[in-house]
1. For a quick size check, give me the Cα extents of segment 44-159 along its three principal axes, largest first, whole Å.
2. Hey, with R₀ at 22 Å, roughly what FRET efficiency would Thr10 and Ala102 work out to, going by the Cβ-Cβ distance, to 0.05?
3. Residues with amide H under 5 Å of Val113's amide H, sequence separation 5 or more or different chain, H placed in the peptide plane at 1.01 Å from N; which?
4. Amide H to amide H, which residues 5 or more places from Arg153 or on other chains are under 5 Å from it, using H placed in the peptide plane?
5. Taking only protein heavy atoms and a 1.4 Å probe, what accessible area per residue, in Å², does segment 15-156 have with all protein chains in place?
6. Let me check I've understood the local charge: for Asp134, count other residues with C-beta under 13 angstrom from its C-beta, Lys and Arg +1, Asp and Glu -1. What total comes out?
7. I'd like the projected area of segment 93-146, averaged over all directions, using the convex hull of its alpha carbons. Report it in nm² with one decimal.
8. Order of 53-66, 13-26 by packing, highest average Cβ count within 10 Å first?
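The values are calculated or read from the model by the stated rules, or taken from the named source; none is laboratory data. Just so we're clear, the structure is a prediction, and the values are computed from it rather than from any experiment. Here Cβ is always computed from backbone atoms with ideal geometry, including for glycine, and neighbour counts include all displayed protein chains. The area values use the complete protein model at the heavy-atom level, side chains included, leaving out ligands, DNA and RNA. Shrake-Rupley method; radii C 1.70, N 1.55, O 1.52, S 1.80 Å.
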Amino acid sequence: MSTTSALPPTQVGDVYERLTVIELRGVRTTSTGARVNFALVQCSCTDKTVREVRLSNLRSGRTRSCGCLGREKTTTHGQHASRLYGIWAGMRHRCSSPNIRAAHRYTGRGITVCDAWNDFATFRAWALAHGYADGKEIDRRDNNLGYSPDNCRWVTRLENLANRAKHLPEDLEQWLRAEADRQNCSPYEVIKQALEQYLGVSRTGCPAPPA
């Protein structure tokens, strides 16, 4: 039995990779005499391209986009192993995967990536023109909004950590205090240990914070 025949019937609204079915066109006879099912689909790329495709190609994964995936692969040739590409891919993964550990901070809160940044070349051009450098991380100015040119900037790791600290959820703040009590130390010491582990440095001997 073929893989496609085992799948449930395709319906309007079904999504295959970047393509969403917007109309089922039915069976047509091709020039070779074959009877083929077609569907009208819309791509999630920035152009929102609408095209007609063979249903069998859609269901098997042979057709996954309007052609934008192939263009991106060409555009990102030599870039897929770069640090900036990894940041871009990680950003999109966080905002599209409901099963990751931090899903409650992204998909669970409706945090998305703007349409323009679904194209790596567009994101790369913005990054290079707005302060990207090795060692810097992407940061959202307003943590309640998504990733877009208007809401993002490049910051150092320490700046990123400081920004996150301003938005500690209540349960995390409660955990921090409980962990400090368990270790018989101040919340500052717990944060200090986490920073040292995250940054891979030791700051022993630093003066204690003011009482």
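1. Projected onto the principal axes, the Cα atoms of segment 44-159 cover 51, 32, 23 Å.
2. About 0.10, to the nearest 0.05.
3. Tyr147
4. Placed amide hydrogens put Asp139, Arg141 under 5 Å from Arg153.
5. Working: 8070 Å² over 142 residues.
Ligands and nucleic acids excluded, the figure is 57 Å² per residue.
6. Counting the neighbours of Asp134, the net charge comes to +2.
7. Details: hull surface 17.1 nm².
If you wrap the Cα atoms of segment 93-146 in a convex hull and average its projections, you get 4.3 nm².
8. Numbers: 53-66: 17.3, 13-26: 14.8.
With the highest mean Cβ count within 10 Å placed first, the list reads 53-66, 13-26.
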